[in-house]
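The values are calculated or read from the model by the stated rules, or taken from the named source; none is laboratory data. Quantities reported herein were computed from a predicted structural model and do not represent experimental measurements. Heads up, the Cβs are rebuilt from the backbone with ideal geometry, glycines too, and the neighbour counts pull from every protein chain shown.
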Amino acid sequence: MKIALAQINPTVGDIQGNSELIGRAIDGARERGARLVVFPELAVCGYPPRDLLNNESFVETCQAAADRIGLGQTRGIGLVLGTPLRRDDGRIANGLAVFDDNAGVARYEKRLLPTYDVFDEDRYFVPGDAPVVVEFDGRRVGLAVCEDLWRGQDAGASARYAARPDPIEAYGRENISLLVAPSASPFVLGKHGKHRQIVSQTADRLGVPVVSVNQAGANDDLVFDGRSCVVAPGGRTIRECSAFEPDLIAVDTRGTGTDSPARVIDDERLLIEALTVGTRDYIGKCGFRSACLGLSGGIDSALTAAIAARAIGGDHVIGAAMPGPFSSEGSITDAYALAENLGMPCITMPIADAFGGHRSTLDRAFADLGRPILGAQRPDHTEENLQSRVRGALMMGLSNRTGAILLTTGNKSELAVGYCTLYGDMNGGLAVISDVPKTLVYRACRYMNEHHRSLGFARPPIPEPTIEKPPSAELAPGQLDTDSLPPYDVLDEIVHRRVERRESIDTIRTGTGFDRELIERVCRLIRINEHKRRQYAVGLKVTSIAFGPGRRMPVAQRWTG
């Protein structure tokens with residue numbers, strides 16, 4: 001049977017716009033001679049709808065849209081469409097509505113509801129309790145949705161379902177010809193291989209092809225890599241869709257050749273593509289047309305600017321160099337070199353006058369309080385943070401006047417330990433690289449330069465001095481990041497183990513051999529800076545555990561184990 005995989009990029013809550021995407025894809029599938037077209041999980045409303053599901057009439061509007069499409073636009077073709085479904089008891093299911101030739105055929109309710117990391121489906125949905133098989137031209141098609149297939153195996157959460165029936169097992173007794181499994185599975189570095197393995201194992205287990213259709217694009221903090229596929233028993237990939245972008249392909253599931261083998265893509269390229277799509281969709285879906293950011297001449301702002309230029313075009317990204325009393329000459333020249341490489345406008349906004357005015361005001365206030373004035377010795381955190389906050393205020397002014405969204409440039413390593421300033425460099429509407437450790441920032445920048453043409457850059461975008469010079473916030477004379485932090489390869493290993501693997505101090509010590517006092521210091525910094533992360537901009541998730549909705553730590557707490 002010829003099946004179309006409609007890998008679309010829906011916008012959460014845009015029922016009309018999503019319906020139009022779906023309608024066009026149905027027409028395209030029909031033109032390609034497909035007998036059945038399959039869409040991602042919750043395609044009608046977009047994933048994740050979160051608390052929109054609790055709004056009056058939201059689910060009914062979704063169902064009505066699904067019915068309009070299924071009962072009016074499926075002449076001569078079958079349709080499997082993800083949508084929330086209101087059950088007879090009033091509760092909501094994460095479901096599939098199945099139509100054929102402008103008639104309703106069946107409904108399926110997702111049976112395993114992930115509630116871990118960024119997922120909170122138990123909050124909204126009730127699980128289904130039965131398999132569903134539908135027939136198209138005598139071929140029996142089994143239905144599943146996302147977690148029904150993964151069973152948490154892709155995220156190390158399989159124990160959660162130990163007492164639940166395996167939704168796929170039932171299809172082994174149903175004599176199906178095909179399993180169709182729509183999903184909206186967010187991108188995480190390293191997860192695609194696990195997904196492909198699970199799909200292959202399922203095809204082997206059932207002895208039939210598996211059609212996996214994933215969402216593409218991004219909504220808020222989540223990026224979806226698409227890569228929908230049809231896999232035959234034995235693990236052979238019959239066909240695979242594009243990565244991260246919308247795609248529509250028609251596949252004959254009886255095919256014996258490998259039209260599009262599973263592609264192996266470098267982690268650095270996957271990261272760059274994910275951040276590009278996440279930035280493009282966040283900016284566009286939030287209604288912005290341009291972006292701005294501070295260019296320090298450092299590696300983090302360089303990567304953020306390059307991603308933004310890829311996402312919306314360099315001519316839509318405004319860079320601002322903001323030299324202060326301790327800025328090096330290279331920070332300005334490197335900022336302008338980067339902007340030239342990316343085709344960005346760049347302006348200079350010196351902070352000396354504003355910083356001096358703020359310091360003078362504070363000196364008078366401190367004198368009244370009987371406290372030391374600023375700048376009496378080496379600048380302390382008060383004076384360092386003041387410089388950052390002056391820059392933050394200027395960047396917000398630039399954002400307000402131009403209508404450009406301000407991009408923050410902090411990485412995961414700095415955010416983990418609070419090496420950032422509230423209301424200063426943390427200002428902004430999108431934290432592009434907040435889930436990218438510093439060591440990976442360097443890898444991504446080197447990869448960009450080495451593969452610049454295939455990534456769409458006319459020349460290597462990142463100036464070599466930016467990559468080679470030691471990282472520094474330049475808020476004090478001769479300052480280097482290593483004055484306050486351990487080397488980033490050490491810091492990143494501790495952060496990875498503490499945040500993503502949730503290891504104890506003793507386990508980190510055993511696994512790394514690092515000094516215990518150093519580990520305790522880093523873990524303490526992670527703990528006491530939760531309040532900063534609560535006030536950070538939306539960040540794009542690319543690792544298994546990001547700072548955001550998937551990590552819910554208390555602010556006032558004293559656990560140190």
Query raised in the report: Does any residue of the range 182-197 turn out to be part of a strand (DSSP E or B) and touching a helix residue (DSSP H, G or I) at 6+ places or on another chain (Cβ under 9 Å)?
Result: yes
Query raised in the report: Is there a residue in the range 19-31 that is in contact with a strand residue (DSSP E or B) (Cβ under 8 Å, 6 or more places away or on another chain) and either assigned to a loop (DSSP other than H, G, I, E, B) or more than 28 Å from Val210 (Cβ to Cβ) (or both)?
Result: no
Report task. Would you be able to say whether some residue in the range 145-156 is closer than 25 Å to Arg35 by Cβ and among the polar types (S, T, N, Q)? Result -> no
Query raised in the report: Residues in the range 467-511 that are surrounded by fewer than 18 Cβ atoms within 10 Å (Cβ to Cβ), within 24 Å of the chain's Cα centre (by Cα) and within 16 Å of Val441 (Cβ to Cβ): how many?
Result: 1
Report summary line: All-but-one check, Val213 against (1) assigned to a helix (DSSP H, G or I); (2) closer than 21 Å to Leu5 by Cα, failing number (1)
Report summary line: Result of the Cβ filter at 8 Å on the range 510-533, keeping first residues that are under 15 Å from Asp489 (Cα atoms) and outside the structural domain of Tyr423 (by TED's automatic domain parsing) and partners that are at pLDDT 95 or above and acidic (Asp, Glu), at least 6 apart or interchain, is Gly511/Glu503; Thr512/Glu493; Phe514/Glu493
Query raised in the report: Which of the residues belonging to the range 141-181 are assigned to a helix (DSSP H, G or I) and small (Gly, Ala, Ser)?
Result: Ala155, Ser158, Ala159, Ala170, Gly172
Report task. Check the range 133-140 and report whether any residue there is in contact with a strand residue (DSSP E or B) (Cβ under 8 Å, 6 or more places away or on another chain), in a loop (DSSP other than H, G, I, E, B), surrounded by 17 or more Cβ atoms within 10 Å (Cβ to Cβ) and of a type in the set (Phe, Trp, Tyr). Result -> no
Query - Answer residue from the range 399-424, given it is surrounded by 19 or more Cβ atoms within 10 Å (Cβ to Cβ) and touching a strand residue (DSSP E or B) at 6+ places or on another chain (Cβ under 7 Å) and is farthest from Leu271 (Cα to Cα) among those - result: Ser399
Query raised in the report: Here are some residues: Ile405, Ile373, Ile433. Which one is among the β-branched types (Val, Ile, Thr) and more than 24 Å from Pro461 (Cβ to Cβ)?
Result: Ile373
Requested in this report: Would you mind telling me which numbered condition in (1) free of Cβ contacts under 8 Å to residues at least 60 places away in the same chain; (2) closer than 23 Å to Leu178 by Cβ Arg32 fails?
Outcome: (1)
Query raised in the report: Quick check: is even one residue across the range 51-58 more than 22 Å from Glu135 (Cα to Cα) and surrounded by 20 or more Cβ atoms within 10 Å (Cβ to Cβ)?
Result: no
Report task. Scan the range 95-105 and give yes if some residue there is under 18 Å from Ser19 (Cβ atoms) and part of a loop (DSSP other than H, G, I, E, B), otherwise no. Result -> yes
Report task. Test Asn449 against the criterion of being in a helix (DSSP H, G or I), free of Cβ contacts under 8 Å to residues at least 40 places away in the same chain and over 17 Å from Asp334 (Cα atoms), and give yes or no. Result -> no
Query raised in the report: From the residues in the range 370-423 that are in a loop (DSSP other than H, G, I, E, B) and β-branched (Val, Ile, Thr), which one is modelled with the highest pLDDT?
Result: Thr409
Query raised in the report: In the range 39-50, is there at least one residue being under 20 Å from Ile3 (Cα atoms), of a type in the set (D, E, K, R) and buried (at least 22 other Cβ atoms within 10 Å of the Cβ)?
Result: yes
Report task. Could you please tell me which pairs satisfy a Cβ distance under 9 Å, a separation of 6+ or placement on different chains, a first residue in the range 237-260 that is closer than 15 Å to Asn9 by Cβ, and a second residue that is at pLDDT below 95 and not in a strand (DSSP E or B)? Result -> Cys241/Ser260; Ala243/His192; Ala243/Arg263; Ala243/Ile265
Query raised in the report: Looking at the range 59-82, which of the residues that are without any contact (Cβ under 8 Å) to a residue 40 or more places away in the chain and hydrophobic (A, V, I, L, M, F, W, C) is surrounded by the most Cβ atoms within 10 Å (Cβ to Cβ)?
Result: Ala66
Query - Residue among Gly284, Gly313 that alone is under 18 Å from the mean Cα position of the chain (by Cα), modelled with pLDDT of 95 or more and surrounded by fewer than 17 Cβ atoms within 10 Å (Cβ to Cβ) - result: Gly284
Report task. Evaluate the range 116-125: report whether one residue or more is buried (at least 23 other Cβ atoms within 10 Å of the Cβ) and closer than 17 Å to Ala184 by Cβ. Result -> no
Report task. Filter the range 254-274 down to the residues that are out of contact with any Ser or Thr (no Cβ under 8 Å at 6 or more places or on another chain) and modelled with pLDDT under 60, then identify the one that is farthest from Ser242 (Cα to Cα). Result -> Thr256
Query - Enumeration of residues in the range 50-92 that are closer than 18 Å to Ile15 by Cβ and assigned to a strand (DSSP E or B) - result: Leu79, Leu81, Gly82, Thr83, Pro84, Leu85, Arg86, Ile92
